[in-house]
Amino acid sequence: MATERRVRVRFAPSPTGPLHMGGVRTALYNYLFARHHGGDFILRIEDTDSHRYVPGAEQYIIDSLKWCGITVDEGIEQGGPHAPYRQSERKEIYLKYALQLVESGHAYYAFDTPEALDTLRAGAEARGEAFSYNHKVREGLDTSLRLSPEEVKERIGRGDQWVIRFKMPENEEVHMNDLIRGDVTINTSTLDDKVLYKSADSLPTYHLANIVDDHLMEITHVIRGEEWLPSLPLHYLLYRAFGWSDTQPRFAHLPLLLKPTGKGKLSKRDGDKMGFPVFPLQWTSPEGEVSRGYREDGYFPEAFINMLALLGWNPGGEQEIFSMEELIRLFSLERVGKAGARFDPEKAKWFNAQYLRSKSDEELGALLLPILREHGVENCCIFLASKIAGLMKERAKFMNDFWDLTSYFFFAPQEYDEKVAAKYWKGDNPARIAELKEVLASVGDFTVENTEKATREWIEANGLSMGQIMNSLRLALVGAGKGPGMFDVCELLGKEETLARIDRALERLGK
Ligand code: GLU
């Protein structure tokens, strides 16, 4: 009986720039899958394409995963039984495997110079065809398929540059299975002979390094973006050529993330145009160009992750808010869709608002204190900050919204809303507010209950309108027509400040 292998998945980014939110989703689904099955999540850095290497990108990937709460079991920081986990440090490993394929007839040396390839490309273009390095052309080219073993040896010996290419079989149906897309079949005659290894930099290409490492690292499931689906036939054939088909991983290609319009792949430019981040953290390119990040835009990582988890995976049912633990418990590849998932920036904000509201007043108060300090409020205590945050949390989507929503607790109004003033600061109202000030002055313990009781009794005794009085009081204390309950405001301002603000309004707006 075959024993079940321990689930091992890997996230294998190339450090060619900041991690796009689609990349974070790939990492997340790998992580959820690994945790769900009690397996391992590996971070492997695929940096064999030295031309596309961007300094800082690797650290950015690590920092992004940390911020998201996606913990790595084996990787460049953690180490592990298959270290190193950075492909550039595994350089020596790959040549042996490339040569093994040459030996077994599944690959060959090609000595074509870049100029010769350019000529071939230009010729094909002139005939209105796209050039493909395939079974039709390879026999006539400068390869070990045509040259004698001595000639090959001699060319290598004299330092000619060479590559090793996969010898794609001719006219064979490759049957593949994808855990999301089901069975896929492709005829090999439509495929070209991909380069596996280059002598110029003694480095493998993505395809070779990826297959060799997935094999050596005992990867059981490859979960990656849809853009890699066209590489799947080659990867199947590479496993077969190495004789590793028995332990070949299962594959799952994730659907694309689509623009908010639903048409086309979500790109950085969409974010710039429509004002939302596409990167988890702010990124400054080596040229100094800054791209905004979810973190810097004030998203909670839990909200970002929750939103991302549902872009392509549908747990069924109405529930939308999921903690990481719940995601781990519920996640399955069967419920990942084939169709692209449309990104909705408004929904992302909605998720953040839900997470903000679910935090305790004390947690929010602690997050509010540094924001207050930034605005010059040094003397607010955690107790007051928590009360204010609790009072206003239904109205905020982001922590940064709090300043606009709460600044009047700390600074008396400098201006009074003209429209509100025209509506409520007229007739007897100012005189009534002056009377109300005396009523409030007589309240000993300035709690919501006491100020409310005193005010209501006075309004009733004088046959006044609650609406008129409360709106005038609001204008006096807050300077605007909206805000939380007035007695809450009174309590938080305290008696002295409440009375002072009434005086100030009477002075500025007229008695
Ligand atoms: N290095 C590839 C990338 O950048 C990995 C693709 C894969 O997961 O096989 O996406």
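The values are calculated or read from the model by the stated rules, or taken from the named source; none is laboratory data. Every value quoted in this text rests on a predicted model; they were computed, and no experiment measured them. When we count neighbours, we look across all protein chains shown, and the Cβ atoms used for this are built from the backbone with ideal geometry, even at glycine. Accessible surface is based on the protein model in full, side chains and every heavy atom, while ligands, DNA and RNA are left aside. Shrake-Rupley method; radii C 1.70, N 1.55, O 1.52, S 1.80 Å.
Quick notes
- If you go through the stretch 255-278 and pick out every residue that is closer than 25 Å to GLY298 by Cβ and either in contact with a Gly (Cβ under 8 Å, 6 or more places away or on another chain) or part of a strand (DSSP E or B) (or both), you end up with 5.
- Test: ASP193 is in contact with a Lys or Arg (Cβ under 7 Å, 6 or more places away or on another chain), of a type in the set (Asp, Glu) and farther than 30 Å from GLY312 by Cα: yes
- SER14 polar (S, T, N, Q) and more than 9 Å from the ligand (Cβ to nearest atom): no
- Of the listed requirements (1) closer than 22 Å to TRP403 by Cα; (2) without any contact (Cβ under 8 Å) to a residue 40 or more places away in the chain, PRO315 misses just one: (1).
- Residue satisfying all of: in the stretch 66-81; assigned to a loop (DSSP other than H, G, I, E, B) and away from the ligand (no atom under 16 Å from the Cβ); farthest from the chain's Cα centre (by Cα) among these: PRO81
- Residues that are open to solvent by 50 Å² or more (accessible area, probe 1.4 Å) and under 15 Å from TRP403 (Cα atoms), drawn from the stretch 354-375: ALA366, LEU367, PRO370, ARG373, GLU374, HIS375
- So ASP63, is it touching a residue at least 24 places away in the same chain (Cβ under 8 Å), within 22 Å of the chain's Cα centre (by Cα) and more than 14 Å from the ligand (Cβ to nearest atom): yes
- Qualifying residues in the stretch 258-293 (those that are open to solvent by 10 Å² or more (accessible area, probe 1.4 Å) and touching a His at 6+ places or on another chain (Cβ under 9 Å)) - the one modelled with the highest pLDDT: PHE279
- Filtered residues of the stretch 75-101 (kept if hydrophobic (A, V, I, L, M, F, W, C) and in contact with a Phe, Trp or Tyr (Cβ under 6 Å, 6 or more places away or on another chain)): ILE76, ALA98
- Highlighted here are the helices (runs of 4 or more DSSP H) found entirely within the stretch 139-254 that include at least 1 residues which are in contact with a His (Cβ under 7 Å, 6 or more places away or on another chain), at pLDDT 95 or above and within 14 Å of the ligand (Cβ to nearest atom): 206-216, 232-242.
- Residue pairs meeting the criteria (Cβ under 6 Å; at least 6 apart or on separate chains; first more than 14 Å from VAL72 (Cα to Cα), in the stretch 8-29; second more than 10 Å from the ligand (Cβ to nearest atom) and modelled with pLDDT under 95): THR16/VAL54; GLY17/VAL54
- On the stretch given as the stretch 295-312, residues that are without any contact (Cβ under 8 Å) to a residue 40 or more places away in the chain, under 23 Å from VAL54 (Cβ atoms) and in contact with a Phe, Trp or Tyr (Cβ under 9 Å, 6 or more places away or on another chain) total 0.
Per-residue answers, yes or no, for (1) modelled with pLDDT under 95; (2) within 14 Å of the ligand (Cβ to nearest atom); (3) surrounded by 23 or more Cβ atoms within 10 Å (Cβ to Cβ); (4) not in a helix (DSSP H, G or I):
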| site | (1), (2), (3), (4) |
| --- | --- |
| ARG5 | yes, no, no, yes |
| GLY23 | no, yes, no, no |
| ALA27 | no, yes, yes, no |
| ASN30 | no, yes, yes, no |
| PHE41 | no, yes, yes, yes |
| VAL54 | yes, yes, no, yes |
